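Trainee: I'd like to ask you about the structure that follows.
The values are calculated or read from the model by the stated rules, or taken from the named source; none is laboratory data. For clarity, every value in this text was computed on a predicted model and none was experimentally measured. Every residue, glycine among them, receives a Cβ derived from its backbone with ideal geometry; neighbour counts consider all protein chains shown. Calculation scope for accessible area: heavy atoms of the full protein, side chains included, ligands and nucleic acids excluded. Shrake-Rupley method; radii C 1.70, N 1.55, O 1.52, S 1.80 Å.
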Amino acid sequence: MSGDERVGPPSFGSERDMLRAFLDYHRATLAMKCEGLTDKELRRRSMPPSTLSLLGLVRHMAEVERAWFRRVFEDQDAPMVWSDEIDFQAAYDASESTRQEAFAAWEAEVAASRRIERAAGSLDQAGYQPRWEEEVSLRMVMLHVLLEYGRHNGHADFLREGVDGTVGA
């Protein structure tokens, strides 16, 4: 990893600004954990039988972004990125994937999520989560996705250390 170029979240701000900043910080953390690695290194699995890899995490987070922003607030029938069914595990198998493919999909979903969030009138805007068959607020979605990144960035820490010994932020 090169230098840490992430923009840290502010210490003060509105609820929405704080959620947005922490979410972007965690998105940047995942990207940073993948910096400087080859496709082969990004595909390195954690341990058998797991298919978990850094590239798999990027693919998975593309699915998370789509499932929680695009499918909830725009198109409940939008297909998943890596599977024909709602199968988040399929994204983890990055054995045939490349950085270009995975990051292009993830960056497109992040851009769509940011657009959807910015267009929403408030954090109380309701969307429909088809998997739960219930309405959810934008606030809940942002918190849920933030927690997903936090959990998976912890995995990314261990995965990166296993690839080349790099630890830290």
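Trainee: Can you give the FRET efficiency for residue 133 and residue 108, using 1/(1 + (r/R0)^6), R0 = 41 Å, r = Cβ-Cβ distance, to the nearest 0.05?
Mentor: Details: r = 27 Å, r/R0 = 0.66.
Efficiency, rounded to the nearest 0.05: 0.90.
Trainee: Using Cα pairs closer than 8 Å and at least 6 residues apart in sequence, work out the relative contact order for the chain, in percent.
Mentor: 28 percent
Trainee: So for 116, 86, what's the accessible-area order with a 1.4 Å probe, most first?
Mentor: Details: 116 15, 86 75 Å².
Ranked list, largest accessible area first: 86, 116.
Trainee: Next question. Tell me, in nm to one decimal, what length is gained between residue 86 and residue 122 on full extension, where the rule is 0.36 nm per residue of separation less the Cα-Cα distance?
Mentor: Value of the extension gain: 10.2 nm.
Trainee: Under the classification rounded if a/c is under 1.5, otherwise prolate if a/b is larger than b/c and oblate if not, where does region 1-130 fall, given a ≥ b ≥ c as square roots of the Cα gyration tensor eigenvalues?
Mentor: Oblate, because a/c is 1.5 or more while a/b does not exceed b/c.
Trainee: Right, next: How high is the relative contact order of region 23-110? Use alpha-carbon pairs under 8 Å, at least six apart in sequence, and give a whole percent.
Mentor: Contact order relative to length: 34 percent.
Trainee: Among 121, 56, 154, determine the one that fluctuates most according to a GNM of the chain built with springs between C-alpha atoms less than 10 Å apart.
Mentor: Result for the chain, Cα springs under 10 Å: 121 fluctuates most.
Trainee: Let me cross-check residue 80: its accessible surface, 1.4 Å probe, with only protein heavy atoms counted, in Å² to the nearest 10?
Mentor: Accessible area of residue 80: about 10 Å².
Trainee: Once you place label points 7 Å from the Cα toward the Cβ at residue 75 and residue 51, how far apart are they in nm?
Mentor: With each label point 7 Å from Cα toward Cβ, the separation is 2.4 nm.
Trainee: Which of 52, 30, 143 ends up with the largest GNM mean-square fluctuation for the chain, with Cα atoms connected below 10 Å?
Mentor: 143
Trainee: So what is the relative contact order of region 1-56, in percent, for Cα pairs below 8 Å that sit 6 or more residues apart?
Mentor: Relative contact order here is 30 percent.
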